[in-house]
Amino acid sequence: MVGTSPAQMTDWLVPGRSLFLTIHIVGIACFAYIVAKRLVPLIRAERDFRFDHTLTRFERVLKYWFGQWKHPRYRLAGILHIFIFIGFILLAARAFSVLIVGVSENFVMPGLSGKVGHFYDIVTDYAATIVFLCMVVAAVRRLVFKPARYSVPAKYGKAHTADAVFLLGLIAILMLADSLFAASMIAGHALQGQPVETLAFLSLPWMFQIAVGSSSFATLWAVNVTAYLVHEVTFYFLLCYRPFGIQFHVETSLFSIYFAKLERGTLKPVRWGVPDERLDEVKSFGVKKFEDFTWKHMLDFYSCADCGRCADNCPANAAGRPLAPRFLTTKARDYAFQHYPIFGKANNSQPLIGGIYSEDEIWSCTTCGACEEECPLLVEYIDKIVDLRRGMIDDGNVPQSLQKPLKALESRGNPYGKMEKKRADWAKAQDFQQSCSVKTLDTKNGANTLYFVDSITSYDDRMQSIGRSTARVLSHIGEDFCILGAAEKDSGHEVRRFGEELLFIALRDHNTDAIKASGVQRIVTSDPHAYNALKHDYKDVPPVEHISQVIAREVMAGKIQFNQVEDESKVYVYHDPCYLGRHNQVYDAPRTVLDAIPGLKRVEMKRSRDRSFCCGGGGLMLFYEPKEEQRMGVLRVRMAAEAGANVIVTACPFCMVNIEDAIKVAGMEGKMSAIDLTELVDLSIAREKCPEECEPATCGG
Ligand code: SF4
Ligand code: SF4
């Protein structure tokens, strides 16, 4: 018996309508069951407050999910993904209509009848064709060209190539079945003398119509119901198979992006809903077992598309450290699938460190944020890594090389173990005092602005020069500023990212009290780590600026003039410090300053601005010696040389330590040098000659 809709099919064991209704019910029930099982660990997970700022979150869904904002950062893969995504969105209504037609032959999607419906059919004929072609191209890329970022080193598990290609194949079958179904239906209608719509020229349905158009009605009918059955079975198989692997991101990514972290540079609290003053009630800090992750972090594990962009941009991975962020996620996802199986009971959780993660892996991160910047699905890493570190610290698991600086921070307020009273010694150098006088805040000395120096600039002999240059520049622009001197302790920025939350709180509270007591109206710092801490980790302190922002403003206002560059052979390149650039979006101010120096030749490295490559200094890394094949700083110095530069300008004392060291290690002394932006400004400022009666220490000249 032949008909006009698969619902009328009676040839097989059961009538078409009953068969397809059964497939719908079984498919939906299986999918609901699988998703419910996948949600079990999220229900057992730690709390996470992500239900605020509804409008902002919707905007981000529009930008990052619907607008596919980050995908074009990898051009070919990004464009392929955008085509597939648009194709799926366009095909959603068509797929739904096709599903319903199997049980209700006359169903037409509301709003999609008549000319609008015909236009929609033409568009979706092309959409199905483009999605099919994208599947072919993606499969060829995976199997023939094998982009390096998809490979999985043996230590991280097995490659998911077979799974990915299988899924690409299923989607291709879905597109073929859909097109064949449409083509055989149109051909059948035409044979019966019914009015038919034209199919989109050169689309898959159009080609299939040509292929089957001359067949008998019985053949067309057989092709039509077979294509329909294949479409139905593939659709539901795909729906139920996706939660078993990377394709689960199709369902979860929208939620993952909606609930993504909104503020850069911040860290999650030890426990959501537990204020600092009640932290002593928390029995266990950080993440030790899988269920200690928050539900949002578990959602991230499900949402990762395994595209490898995070690892491709991770400096720790590039330097051969035992860390590639992608695998932090895929290992956790595999763990979730194994311990929370679809069939059977959840297994007891094992400790994650020593289980799926190694200690070195977790200590290797510099918290540079390159992974998070790159991820098209806004998967978070820094909070997870810091939580895993908190767990290790809570168990007394502190790397040997970090024990001494941590003790020194506790007892002396700086990682070097130097005396508090020597904290302001950098400002007492005789030749410096002849050109600049730095006030230390006390009951007699007040000021409008606080220069927060932080430990590395206060105590490191080389970095003290950055402190002196900052002070001279502030004097030059007539800023009424002072420092806290012995009353200042380390900002605690690195300590917090290292996982020592209680020590951080002690340092933060001490500095907050000192800053508040000083009565200053604003804070300036030359250290991006201190800047990030004061801006995001501290509460109730005056607004803070990085010195590059202050200088850029003064330059724009014409209050700072520069001398012409004397050495024309120098080619400068700016290295974006992670905590100034990526975490706080200060990219333009330092470049504005450099470009204002007459005659300064400046180039850009390929990896600049939000793709900057970490020097290796973040997260107490100056004191930790990770296992690595090469230094991050050396890689960075080579990037500067490739860009044609011979002077690296940075705006962070941590970067300066690493880059100067890397220049020596790379054997590039004499060919490459490094300078802090503030030092360069201090050297380049066009100062008026002082009158004879001037007091150089206070005139800033
Ligand atoms: S924050 Fe930086 S170092 Fe850490 S995992 Fe991400 S990219 Fe790698
Ligand atoms: S975390 Fe993001 S960038 Fe990394 S592999 Fe997953 S989807 Fe790609």
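Rule-based calculations on the coordinates, nothing more; no lab input. Note that the coordinates shown come from a computational prediction; the quantities given were computed from them, not determined experimentally. Cβ: placed from backbone, ideal geometry, glycine included. Neighbour counts: every protein chain shown.
Things worth noting here:
- Positive-end residue of 74, 254, 104, charge dipole of the chain with Cβ unit charges: 104
- Estimated vicinal HN-Hα couplings, Hz - the stretch 480-495 in sequence order (Karplus 6.51, -1.76, 1.60; Gly, Pro = x): 7, 10, 8, 10, 7, x, 4, 7, 8, 10, 3, 5, x, 4, 5, 4
- For residue 439, the residues 5 or more places off, or on other chains, whose built amide H falls under 5 Å of its own are 483.
- Look at 235, 145, 301, 66 and count the other Cβ atoms within 10 Å of each Cβ; fewest to most, that gives 145, 66, 235, 301.
- Helix axis angle, 632-642 relative to the chain longest principal axis, alpha carbon, degrees: 90
- Take 277-285, 392-400, 558-566 and order them by the average number of nearby Cβ atoms within 10 Å per residue, most first; the result is 392-400, 558-566, 277-285.
- A Cβ-based charge dipole, computed about the Cα centre of the chain with Lys and Arg at +1 and Asp and Glu at -1, lands at about 1180 debye.
- Angle in degrees between helix 464-476 and the longest Cα principal axis of the chain, rounded to the nearest 10: 80
- Out-of-range pairs (alpha-carbon distance over 24 Å; input 535/664; 439/516; 422/444; 489/535): 535/664
- Cα-only radius of gyration and Dmax that characterise the stretch 6-258, units Å: 20.3, 64
- Placing one equal scatterer on every Cα of the stretch 530-671 and applying the Debye formula, the log10 ratio I(q)/I(0) at q = 0.12, 0.14, 0.17 Å⁻¹ is -0.53, -0.72, -1.02.
- Between the Cα long axis of helix 16-44 and the first principal axis of the chain there is an angle of about 20°, rounded to the nearest 10.
- Entry note, the chain: relative contact order of 12 percent, from Cα contacts under 8 Å with a spacing of 6+ residues.
- Cα extents for the stretch 476-563 along the principal axes, largest to smallest and rounded to whole angstrom: 47, 26, 21.
- Note, ³J(HN,Hα) from phi for the stretch 112-122, Karplus 6.51, -1.76, 1.60, rounded to Hz, x at Gly and Pro: 10, 10, x, 5, 4, x, 5, 4, 4, 4, 4
- 3J(HN,Hα) couplings calculated from phi for the stretch 263-276 with the Karplus curve 6.51 cos²θ - 1.76 cosθ + 1.60 (θ = phi - 60°) are, in sequence order, 9, 6, x, 9, 10, 5, x, 4, 9, 4, x, 10, x, 3 Hz; Gly and Pro show x.
- For the stretch 614-675, the set of trypsin sites (Lys or Arg not before Pro) satisfying both a DSSP loop assignment and a count of at most 14 other C-beta atoms within 10 Å is given as 627, 671.
- Sequence-distant residues sharing a close amide H with residue 673 (under 5 Å, placed H): 647, 648
- The tail of the calculated P(r) for the stretch 213-367 beyond 19 Å holds 68 percent of all Cα-Cα pairs.
- Descending by average beta-carbon neighbour count within 10 Å, the peptides 22-34, 644-656 line up as 644-656, 22-34, the highest first.
- More than 32 Å apart - percent of Cα-Cα pairs taken over the chain: 59
- Here the stretch 416-556 is treated with +1 on each Lys and Arg Cβ and -1 on each Asp and Glu Cβ, and its dipole about the Cα centre works out to around 220 debye.
- Ordering 362, 433, 658 by the projection of their Cα atoms onto the charge dipole of the chain, which places +1 on the Cβ of Lys and Arg and -1 on the Cβ of Asp and Glu, puts 362 at the extreme positive end.
- Considering only the Cα atoms of the stretch 4-67, their convex hull presents on average a projected area of 8.2 nm².
- Residue (of 124, 318, 571) at the positive-pole extreme of the chain, dipole from beta-carbon charges: 124
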